[in-house]
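Structure record follows, encoded as structure tokens.
The values are calculated or read from the model by the stated rules, or taken from the named source; none is laboratory data. All of these numbers come straight from a predicted model, not from anything done at the bench. With ideal geometry, Cβ positions are generated from the backbone for all residues, glycine too; neighbour counts draw on all protein chains shown.
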Amino acid sequence: MKLGPSLDLRTSQTLVLSPQLQAAIRLLTLSNLELQAEINVELERNPLLDLADEDGGIPGGPDDTSAATSIDNAPDSTAPADAEINPENLIGDHSSDLDVDFAEERFHHDCAVDSGNGNGSSDDFSLDHVAGELPTLIEILERQAAGLPAFEQAVALAIISCINEAGYLIDPLNEIAERIGIESEEAERILTIVQTFEPTGVGARTLAECIALQAKEADRYDPCMAALIDNLDLVARGDLARLRRLCDVDAEDLADMLRELRSYNPKPGLVYGGTSSQCIVPDVFVRRTRKGWIAELNNATLPRLIFNREYRVEIADRNTSHTNEKAEKQFLDQCVQQANWLIRALDQRATTILKVVTALIERQQGFFEHGVQQLKPMTLRSVADEIGMHESTVSRVTSHKYLSCDRGLFELKYFFTAAIPSGDGDEASAEAVRAQLKALIDAEPPLKPFSDDKLVELLKQEGFALARRTVAKYREAMQIPSSFDRRRRALVQSA
């Protein structure tokens with residue numbers, strides 16, 4: 001056997017993801033708002049891309065439609081839901097085979113309300129509907145401390161900086177005093193001043209102290225109420241007999257004290273949220289028409305791209321004797337290719353989303369018509385097999401995207417649930433089982449709540465065959481306490 005170097009030719013097949021395909025996959029995962037940020041970055045980088053104004057032209061440019069071509073980032077959303085969709089794959093490099101000159105505008109409205117079938121109106125808009133930036137709890141307390149003398153103000157600000165968003169002092173007071181170099185008694189005195197600030201109860205170190213501050217503000221902190229506040233653990237357990245003995249009151253007075261106790265806020269700092277609520281913007285609208293349920297992309301959250309052919313021609317017609325001609329031509333070609341790819345990727349993304357949502361609507365039509373009780377079990381693989389795509393593609397489409405319909409706003413992942421065997425041999429959605437379980441608990445007698453074993457029997461009568469541990473798992477997932485805790489809370493409320 002001869003040993004030595006040699007040259008061999010071998011053929012093999014490998015799956016290679018091009019950078020453009022990887023970018024297209026990432027665009028598919030993004031929500032509309034995240035995609036909008038990505039497009040804005042590309043607009044800054046590519047001079048041949050521009051945003052269309054309300055008339056579909058270049059902002060600030062001429063109205064000549066031959067100078068610019070409007071390209072929407074979605075297919076025809078007004079087509080019937082059962083229309084055949086044949087999206088092209090992005091496996092190869094298609095950056096040069098798309099002629100943007102022949103693109104046309106197809107998505108003529110921005111959202112479901114603009115289609116003329118919604119109940120919204122531009123006259124209903126008001127600046128009052130826009131949530132402003134609210135001041136934080138720390139800012140509110142610092143404003144109130146501004147009127148104190150210089151020394152007390154400095155100590156108060158140090159204490160305020162250690163108050164959490166719920167209004168509680170999270171650091172030990174002696175550590176705060178040691179940190180700023182004062183005596184603990186002096187820090188206690190300043191803390192007493194801080195505890196007089198609004199909202200009432202702020203600066204407390206324990207729940208009992210927070211409730212006591214509010215009771216003192218309401219002039220209800222008598223010895224009986226003090227005893228009740230000192231025994232909040234008995235209130236939580238519902239030990240009413242022992243509470244009556246400790247507070248030395250009868251049942252009627254104890255009931256009045258418990259009502260007063262429930263009126264206090266255990267987390268006073270949350271009155272000032274500090275940040276405006278983050279609204280969830282739907283990516284897809286689902287509405288009912290005479291032809292059935294259809295899906296529409298929320299194009300209001302996506303910029304409408306324009307390929308600026310006028311600017312491209314202006315650059316191409318520059319003096320060829322320019323010293324940077326080659327570099328400019330190379331940059332221009334790269335911009336054209338990137339614009340072509342981005343337009344194709346956005347169109348592919350919109351087509352894929354609509355295809356997945358259309359399949360979802362066909363499978364979950366009972367949910368849209370009758371509610372969560374008619375939600376069917378559905379998996380990513382089943383939808384992927386139906387529409388002829390990979391399961392990972394369906395997973396990316398349903399990630400971080402929301403669907404708006406007459407029944408509310410739902411994440412697309414909400415409709416994909418596990419199957420639970422039912423009594424008639426069919427399968428039910430786990431979400432439908434949880435909804436039925438919650439309905440049974442809401443309808444139970446407050447003082448005689450159903451045990452988990454009883455809930456198993458009632459669910460079996462409804463056609464759901466579940467084990468006791470499964471019922472307990474669903475109940476805990478919905479943060480519903482046990483039957484013992486529900487009965488204890490009912491006793492306290494009935495008192």
With the first residue restricted to the range 460-472 and required to be assigned by TED's automatic domain parsing to the domain that holds SER429, and the second required to be of a type in the set (S, T, N, Q) and buried (at least 16 other Cβ atoms within 10 Å of the Cβ), Cβ contacts under 8 Å at 6 or more apart or on different chains are GLU462/GLN436; GLY463/SER422; PHE464/SER422; PHE464/GLN436; ALA465/SER422
inquiry  = Residues that are surrounded by fewer than 16 Cβ atoms within 10 Å (Cβ to Cβ), at pLDDT 80 or above, part of a loop (DSSP other than H, G, I, E, B) and not small (Gly, Ala, Ser): does the range 14-24 have at least one?
reply    = no
Considering residues that are within 32 Å of the chain's Cα centre (by Cα) and either closer than 16 Å to ILE176 by Cβ or of a type in the set (Asp, Glu) (or both), the number found within the range 194-210 is 3
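What residue, of GLY408, GLY425, is closer than 23 Å to VAL357 by Cα, surrounded by fewer than 13 Cβ atoms within 10 Å (Cβ to Cβ), modelled with pLDDT under 90 and not acidic (Asp, Glu)? Please lay out each step first, then the result.
On the way: GLY425 fails: closer than 23 Å to VAL357 by Cα.
When all the criteria are applied, what remains is GLY408.
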Filtering strands (runs of 3 or more DSSP E) wholly in the range 217-310 for at least 2 residues that are modelled with pLDDT under 85, of a type in the set (A, V, I, L, M, F, W, C) and buried (at least 16 other Cβ atoms within 10 Å of the Cβ) gives 305-308
Heads up, the strands (runs of 3 or more DSSP E) in the range 329-436 (entirely inside) with at least 1 residues that are among the hydrophobic types (A, V, I, L, M, F, W, C) and under 21 Å from TRP293 (Cα atoms) are 402-405, 408-411
Of all helices (runs of 4 or more DSSP H) fully inside the range 90-186, the set with 2 or more residues that are at pLDDT 85 or above and of a type in the set (D, E, K, R) is 137-145, 173-180
